[in-house]
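Q: Attaching a single structure in structure tokens format; questions to follow.
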Amino acid sequence: MTVQVDILTLGFLIVTIILAAFLLPMIWQMKKTAQEADCLLGELRRGLPAALRDLQETMERVNRITAKFEKGVDKSEDLVETLDEIAGSIRHINIFLRQDMYRYAEIAGYLMVGIKAASKVFSQGAKEKETKS
């Protein structure tokens with residue numbers, strides 16, 4: 001039975017040595033990885049506040065630019081409305097000039113023809129009075 005216990009002990013010893021041969025490098029690698037992670041976290045702790053400040057400044061700049069852009073868009077909208085009103089006024093003037101001014105010119109022409117005719121009638125009437133006198 002001691003032989004069996006010795007074989008069993010030897011088997012456990014071999015398994016323990018094999019496990020230790022695999023586990024020890026893995027434990028050392030984990031320790032090394034943990035140290036590198038700690039260094040990385042330290043660098044992040046030092047660099048992150050500066051990066052966050054830069055990001056905050058950038059966001060403030062973007063907000064200012066956005067506000068200026070919105071003001072420009074508002075002014076552009078006002079300009080477009082003004083141009084639309086001007087175009088409407090020009091349309092009304094165009095309609096006036098086409099229709100009403102034509103009528104007024106026609107009336108003025110008729111008035112001139114009437115004045116000429118009246119002046120001829122008056123001049124002939126005056127000539128007839130002179131010839132009769």
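The values are calculated or read from the model by the stated rules, or taken from the named source; none is laboratory data. Keep in mind it's a predicted model, so treat the numbers as computed, not measured. Cβ coordinates were reconstructed from backbone atoms using ideal geometry, including for glycine residues, and neighbour counts include every protein chain displayed. Just the protein is used for accessible areas: all its heavy atoms, side chains included, with ligands, DNA and RNA removed. Shrake-Rupley method; radii C 1.70, N 1.55, O 1.52, S 1.80 Å.
Q: Starting from the 7 Å offset along Cα-to-Cβ, what nm value, one decimal, do you get for the label separation of LEU55 and MET30?
A: Between LEU55 and MET30, the simple spin-label model gives 3.2 nm.
Q: With θ taken as phi - 60° and the coefficients 6.51, -1.76 and 1.60, list the Karplus ³J(HN,Hα) couplings across the range 9-26 in order, rounded to whole Hz; mark glycine and proline as x.
A: Those phi angles translate into 5, 4, x, 5, 5, 5, 4, 5, 5, 5, 4, 5, 5, 8, 6, 4, x, 5 Hz.
Q: While we're on this one: Per residue of the range 45-52, in order, report the coupling 6.51 cos²θ - 1.76 cosθ + 1.60 (Karplus, θ = phi - 60°) as ³J(HN,Hα) in whole Hz, putting x for Gly and Pro.
A: So the J values, rounded to whole Hz, are 4, 6, x, 5, x, 5, 5, 5.
Q: Under the 0.36 nm per residue contour assumption, what length would be gained going from the current alpha-carbon distance of GLU106 and GLU70 to full extension?
A: Length difference between fully extended and current span is 7.7 nm.
Q: May I pose another question? List nothing, just return the count: lysine pairs in the chain, 8 or more apart or interchain, with Cα separation under 25 Å.
A: Number of lysine pairs found: 5.
Q: I'd like the carbon and sulfur percentage of the solvent accessible area for the range 62-106, probe radius 1.4 Å, heavy atoms only, ligands and nucleic acids excluded.
A: 60
Q: Moving on. Tell me, what is the 1.4 Å probe accessible area of ILE18, in Å² to the nearest 10?
A: Roll a 1.4 Å probe over it and ILE18 shows about 90 Å².
Q: In terms of the Cα gyration tensor, with a ≥ b ≥ c the square roots of its eigenvalues, is the chain rounded because a/c is under 1.5, prolate because a/b exceeds b/c, or oblate?
A: Judged from the Cα gyration tensor, the chain comes out prolate (a/c at least 1.5, a/b above b/c).
Q: Under a plain spin-label model, where a point goes 7 Å from the Cα along Cα-to-Cβ, how far apart in nm are CYS39 and SER89?
A: Reported label-point gap for CYS39 and SER89 is 7.5 nm.
Q: Moving to a separate point now. Provide the per residue accessible area, probe 1.4 Å, for the chain, rounded to a whole number of square angstrom.
A: I get 94 Å² per residue for the chain.
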